[in-house]
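These notes are about the structure you will find just below.
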Amino acid sequence: MQADRHSGRTVIVTGAASGIGRGVALRFGEEGANVVVADVTREPKRGERYDTDVTTPTDELITAETPGDAIYVETDVSDPESVAAMVETTVDTYGGIDVVVNNAGIYVPGGAREISVETWNDVTGVDLDGTFYCAKFAIPHLVESEGSIINVGSVNASEGGGGPPYAASKAGVVNLTRDLATELGAENVRVNCINPGFIETPIQDYLTEEDVEKMTHQTLLPRFGLPRDVGDAAVFLASDEASFVTGEQLHVDGGWTAHRL
Ligand code: NAI
């Protein structure tokens with residue numbers, strides 16, 4: 001495995017305090033990147049089932065245990081002013097931006113009749129609007145570096161069952177990926193999307209043991225994925241090895257979408 005594909009590159013990972021974003025951020029740290037942990041909180045989430053004992057902030061872990069560097073920048077991706085300030089801090093600190101991983105996301109269970117309009121706005125505000133804001137404010141710097149954007153969708157982007165705001169946002173993220181790729185291709189900025197299946201993170205606290213068994217059974221490789229599995233895909237998509245890949249969605253789902261059992 002190459003371990004220096006991103007040496008000296010600057011990578012923003014939103015929602016990197018916990019879960020998948022933390023796994024992605026660590027993988028970029030291992031590849032020698034300067035990582036910006038852009039999250040509403042620095043404190044890693046502790047789940048009831050996964051990441052039950054995580055305490056070290058992601059930026060601290062990267063700095064201590066990888067060849068990369070890292071800073072935490074308090075960011076609410078649903079607030080355009082906060083995103084613009086985070087982009088500015090990144091450029092002031094590291095001199096530019098090479099990669100943006102739009103990972104921050106929230107999930108609120110419930111169908112159209114249960115959830116409030118406020119919940120709809122909250123979820124779409126983070127999961128879809130936040131993805132757009134981070135891309136929008138980073139684009140001038142990505143054009144300069146001929147960098148890339150990686151959005152995090154979901155298997156719920158192409159199937160129902162995730163609840164209205166989540167499913168709609170994730171489908172939006174996939175087509176936003178294609179649209180940004182169309183706009184930015186001529187300037188050598190690549191835009192891709194990773195659609196994770198079920199991954200071991202604190203977001204899964206809402207699942208019952210029965211749900212976990214069912215989801216595992218429906219995954220062709222019968223396990224939940226690890227944040228690292230998504231991180232491996234992200235370092236590939238951001239690397240020169242993927243230099244002819246854009247507008248693409250890569251499922252990291254253990255075969256969830258290949259075949260429903
Ligand atoms: P998580 O709940 O473990 O972590 C989410 C992180 O995002 C947290 O650190 C949280 O503080 C941060 N965050 C929340 N709102 C934010 C905001 N407004 N601004 C900045 N940061 C914010 O969730 P997980 O599982 O790591 O999910 C990450 C992404 O992967 C999300 O977009 C989620 O929809 C997606 N995903 C997760 C799957 C899974 O099985 N875990 C499956 C498919 C997609």
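The values are calculated or read from the model by the stated rules, or taken from the named source; none is laboratory data. Just so we're clear, the structure is a prediction, and the values are computed from it rather than from any experiment. When we count neighbours, we look across all protein chains shown, and the Cβ atoms used for this are built from the backbone with ideal geometry, even at glycine.
Exactly one of these conditions fails for Val230: (1) out of contact with any His (no Cβ under 8 Å at 6 or more places or on another chain); (2) part of a helix (DSSP H, G or I); (3) more than 18 Å from Asp51 (Cβ to Cβ); (4) of a type in the set (Val, Ile, Thr). Give me its number.
With respect to (1) out of contact with any His (no Cβ under 8 Å at 6 or more places or on another chain); (2) part of a helix (DSSP H, G or I); (3) more than 18 Å from Asp51 (Cβ to Cβ); (4) of a type in the set (Val, Ile, Thr), Val230 is out only on (3).
Taking the range 66-88, which residues are of a type in the set (Gly, Ala, Ser), touching a residue at least 12 places away in the same chain (Cβ under 8 Å) and within 12 Å of the ligand (Cβ to nearest atom)?
Ser78
Limited to the range 204-243, what total is found for residues that are hydrophobic (A, V, I, L, M, F, W, C) and more than 30 Å from Glu31 (Cα to Cα)?
3
Restricting to the range 123-158, and then to whatever is within 16 Å of the ligand (Cβ to nearest atom) and of a type in the set (Gly, Ala, Ser), can you tell me which residue is nearest to Val108 (Cα to Cα)?
The qualifying residue nearest to Val108 (Cα to Cα) is Gly125.
Part of a strand (DSSP E or B) and modelled with pLDDT of 95 or more, is that true of Val13?
Against the criterion (part of a strand (DSSP E or B) and modelled with pLDDT of 95 or more), Val13 qualifies.
Scan the range 159-200 for residues that are more than 9 Å from the ligand (Cβ to nearest atom), modelled with pLDDT of 95 or more and part of a loop (DSSP other than H, G, I, E, B) and jot them down.
Answer for the range 159-200, where residues must be more than 9 Å from the ligand (Cβ to nearest atom), modelled with pLDDT of 95 or more and part of a loop (DSSP other than H, G, I, E, B): Gly163, Asn188, Val189.
Out of all the residues in the range 1-20, which are in contact (Cβ under 8 Å) with a residue 60 or more places away in the chain, within 14 Å of the ligand (Cβ to nearest atom) and in contact with a Pro (Cβ under 8 Å, 6 or more places away or on another chain)?
Ser18, Gly19, Ile20, listed by residue number.
Considering only residues that are touching a helix residue (DSSP H, G or I) at 6+ places or on another chain (Cβ under 7 Å), farther than 19 Å from Gly68 by Cα and either in a helix (DSSP H, G or I) or not aliphatic (A, V, I, L, M) (or both), which ones fall in the range 88-109?
Asn102, Asn103, Gly105, Tyr107, Pro109
Quick one: how many residues across the range 206-250 are charged (D, E, K, R), surrounded by fewer than 14 Cβ atoms within 10 Å (Cβ to Cβ) and in contact (Cβ under 8 Å) with a residue 60 or more places away in the chain?
2
Restricting to the range 17-37, what's the tally of residues that are touching a helix residue (DSSP H, G or I) at 6+ places or on another chain (Cβ under 7 Å), part of a loop (DSSP other than H, G, I, E, B) and either of a type in the set (A, V, I, L, M) or closer than 15 Å to Thr63 by Cβ (or both)?
Just the residues of the range 17-37 that are touching a helix residue (DSSP H, G or I) at 6+ places or on another chain (Cβ under 7 Å), to begin with: 17-20, 22-29, 31, 34-37.
Adding the requirement that they be part of a loop (DSSP other than H, G, I, E, B) leaves 17-18, 31.
Checking the rest, the ones that are also either of a type in the set (A, V, I, L, M) or closer than 15 Å to Thr63 by Cβ (or both) come to 17, 31.
Of the residues in that region, 2 qualify.
Any idea which of Glu200, Glu241 is of a type in the set (D, E, K, R) and farther than 28 Å from Val40 by Cα? Steps first, answer last, please.
Details: Glu200 fails: farther than 28 Å from Val40 by Cα.
So the residue among Glu200, Glu241 that is of a type in the set (D, E, K, R) and farther than 28 Å from Val40 by Cα is Glu241.
How many residues does the range 121-156 hold that are assigned to a helix (DSSP H, G or I) and farther than 19 Å from Asp79 by Cβ?
Qualifying residue count, the range 121-156: 8.
Which members of the range 38-71 meet the condition of being crowded, with 19+ Cβ neighbours inside 10 Å and part of a strand (DSSP E or B)?
Across the range 38-71, the qualifying residues are Ala38, Asp39, Ala70.
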